[in-house]
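> I'd like to ask some things about the structure below.
The values are calculated or read from the model by the stated rules, or taken from the named source; none is laboratory data. Remember, predicted model here, so these are calculated numbers, not experimental data. Note: ideal-geometry Cβ built from the backbone for every residue, glycine included; neighbour counts use all protein chains shown.
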Amino acid sequence: MTVRVIITDPAELLATLDRLDAVAAPRGWRVRRPADAAGVQARARDARAAMRLPAPVVVDLETDPDAAAADDPIDAAALLARTPVRGAIPDGARRLHGA
């Protein structure tokens with residue numbers, strides 16, 4: 001099972017993904033990172049430097065098969081309500097960004 005999380009500032013993508021992973025890990029979840037996360041972040045920083053607004057990035061939060069307690073259903077809204085992560089918001093079923 002996966003749920004989607006919107007990263008609102010991709011110029012800080014790697015730091016936001018690290019914080020989100022740290023919050024999700026105790027629940028037995030992990031972030032499925034984009035294959036080119038460093039490249040996405042670099043392009044977003046270039047866009048910001050050129051006075052353009054970089055598009056938000058959507059990542060999936062998934063059950064970590066290596067985690068000891070991966071029996072909780074994934075709920076990004078509840079997770080981020082308890083422990084906010086700057087730059088990350090749950091997408092829910094809205095599918096606001098991406099496919």
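> Checking the conditions here, which among 33, 43 is surrounded by fewer than 20 Cβ atoms within 10 Å (Cβ to Cβ), in contact with a helix residue (DSSP H, G or I) (Cβ under 9 Å, 6 or more places away or on another chain), without any contact (Cβ under 8 Å) to a residue 60 or more places away in the chain and closer than 18 Å to residue 91 by Cβ?
Exactly one of 33, 43 is surrounded by fewer than 20 Cβ atoms within 10 Å (Cβ to Cβ), in contact with a helix residue (DSSP H, G or I) (Cβ under 9 Å, 6 or more places away or on another chain), without any contact (Cβ under 8 Å) to a residue 60 or more places away in the chain and closer than 18 Å to residue 91 by Cβ, namely 33.
> Hey, could you check the range 46-61 for residues that are more than 16 Å from residue 16 (Cα to Cα) and not hydrophobic (A, V, I, L, M, F, W, C) and say which is surrounded by the most Cβ atoms within 10 Å (Cβ to Cβ)?
Result: 48.
> Here's a check for you: in the range 46-65, which residue that is in contact with a strand residue (DSSP E or B) (Cβ under 6 Å, 6 or more places away or on another chain) and either in a loop (DSSP other than H, G, I, E, B) or without any contact (Cβ under 8 Å) to a residue 12 or more places away in the chain (or both) is farthest from residue 86 (Cα to Cα)?
64
> Right, here's the next one. Output the residues belonging to the range 3-26 that are in a strand (DSSP E or B) and of a type in the set (D, E, K, R).
Scanning the range 3-26 gives a single hit, 4.
> Have a look at 84, 65, 54 and point out the one that is at pLDDT below 90 and more than 18 Å from residue 2 (Cα to Cα).
That would be 54, the only listed residue that is at pLDDT below 90 and more than 18 Å from residue 2 (Cα to Cα).
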